[in-house]
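Structure first, commentary second.
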Amino acid sequence: MFDQMKLSAWTSGIRSKFNLPLRVELWNGAQVDLSSDHQPRVKIRVPNPGGLRYLLAPSLGNLGEAYVEGALEIEGRAADMIQVGSALAETTGKPARTSRVASAALRLVSPHTREKDAAAIRYHYDVSNEFYSLFLDPAMVYSCAYFENGDEDLATAQQKKIDHILTKIGVQPGQTLLDIGCGWGALVIRAATRFGARCVGVTLSERQCELARERVARAGLQDRIEIRLQDYRDVDGQFDRITSVGMFEHVGVEHLPEYFGRVNKLLAPGGVVMNHGITTADVEQRNSPYGGGEFIDKYVFPHGELAHLSTVIRTMQEGGLEVRDVENLRRHYARTCALWTENFENNAARIQATCDPKTFRIWHVYLAGCAYGFAHDWISLYQIVCGKAGEGPDLIPWSRKYMYR
């Protein structure tokens, strides 16, 4: 009876603020509609009274955990689920974020080590190659696409992204290129075939490494591309061009000066490097609001940390790099994640056959949640082009025209 009274008060509070396309179904058969829509887009079934605690404190972290662990059964398109979940989280008040002190304490409790970093990469990327192939583009590019005109399909936009990066850093035939976090090899293959570069790609994911090597062999590029299962800290030599796409989020904010210092050491004099990565919009570098960051930390990217753009630029300088160009691709990543979510749901049955139900539910809401986060300026994506600090100005282009030839 007490639970029912709390639910009734909660329902009244929701209705006073929102008209949500949501139906809540209780374990006893009772149901509550939170809008006048007779066909709600999202249904939340509470299988037992214990599940009410997630609804009565509806942060994105709580709701996400309840869905993943089966404490709440949620039906609907992922984008609608995230929209409803965010509205419910707003009823709790301010968009609470993990405090800066708490974030720092968490880093002390769970510091970055080579072993933990490698385990985190395996956890996220080694689900299976088939799993990723069912929602990514055919080249399996798992990073923000580039929609030059806004109407490109995903495969076209991903190739344009790779070309945009390689053009920005001015790759020339015969130059050496290091791709830190090379994924399934799409960038190095393109750099070798279209731009004539000699490439090394490194990854900590065994699954990625295996498939990337197979793709290089099928393309007959073994003489121009080497794929290594290797930590970037163990790479030796110097390279004319360096790319890091969707990787530095795993480094840890406290380690960014060390990371960029290592990149600088690997960069040849006169060389150019690009860091393409996700940042937080919060200047205090706390987690995403309403508990979304806690969900990602727990279920998606263990040990992942997002820095604010200002921190990235400062630590690049501390690492001996000079920032030459910065481009915001937040809109592009919102679109990319929306297309991934659409592909994921269109291939749901096939994806479920590749993984356990919990993994499926994690990714179902994660992809849509990222699209929402980019769309609402919780997180962003920046491409930052750098050279070695202290070099002469003749190495810096007069304008950005060369990027769009």
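The values are calculated or read from the model by the stated rules, or taken from the named source; none is laboratory data. This structure is a prediction, so every number in the text was calculated from the model and none was measured. We place every Cβ from the backbone using ideal geometry, glycine too, and count neighbours over all the protein chains shown. These area figures cover heavy atoms from the full protein model, side chains too; ligands, DNA and RNA do not enter into them. Shrake-Rupley method; radii C 1.70, N 1.55, O 1.52, S 1.80 Å.
Structural remarks
- Span per principal axis, largest first, for the Cα atoms of segment 109-210 (Å): 43, 32, 27
- Here the calculated FRET efficiency for Arg53 and Ala348, from their Cβ-Cβ distance with R0 = 35 Å, stands at 0.75, rounded to the nearest 0.05.
- Solvent-accessible area assigned to carbon and sulfur over segment 304-405 amounts to 51 percent, based on a 1.4 Å probe.
- Segment 200-297, accessible surface, carbon-and-sulfur percent (1.4 angstrom probe): 45 percent
- Note on Thr11 and Asp126: the extension gain reaches 37.3 nm, defined as 0.36 nm multiplied by sequence separation minus the Cα-Cα distance.
- 222 nm mean residue ellipticity, helices alone, for the chain (DSSP H n ≥ 4; -39,500 (n - 2.57); rounded to 500): -13500 deg cm²/dmol
- With the charge dipole of the chain set up from +1 on Lys and Arg Cβ and -1 on Asp and Glu Cβ about the Cα centre, the Cα lying farthest toward the positive end among the listed residues Phe374, Asn28, Tyr299 is that of Phe374.
- Spherically averaged projected area of the convex hull of Cα atoms, segment 364-405: 5.5 nm².
- Cα centroid separation, segment 310-350 to segment 181-216 (Å): 19 Å
- The lysine pair tally for the chain, using Cα distances under 23 Å and a gap of 8 or more places or different chains, is 18.
- FRET efficiency for the Glu318 to Asn28 pair, using the beta carbon distance and R₀ = 51 Å, is estimated at 0.30.
- Computed over the chain, the ratio Rg/Rh where both radii use C-alpha atoms and Rh is Kirkwood: 1.00
- Ellipsoid equivalent to segment 325-405 - semi-axes via the Cα gyration tensor, in Å: 38, 13, 13
- Anisotropy class assigned to segment 144-274 is rounded, per the alpha carbon gyration tensor with a/c under the 1.5 cut-off.
- Rounded to 5, percent antiparallel among DSSP beta bridges of the chain: 45 percent
- Shape of segment 194-260, Cα gyration tensor, a/c cut at 1.5: prolate
- Computed over segment 303-405: relative contact order in percent, which uses C-alpha pairs under 8 Å that are six or more apart: 44 percent
- Under 20 Å from a label point set 7 Å out along the Cα-to-Cβ vector of Arg331, the amide N atoms of segment 354-389 belong to 370-384.
- Across segment 117-259, C-alpha contacts under 8 Å between residues 6 or more apart give a mean separation that, scaled by the residue count, equals a relative contact order of 25 percent.
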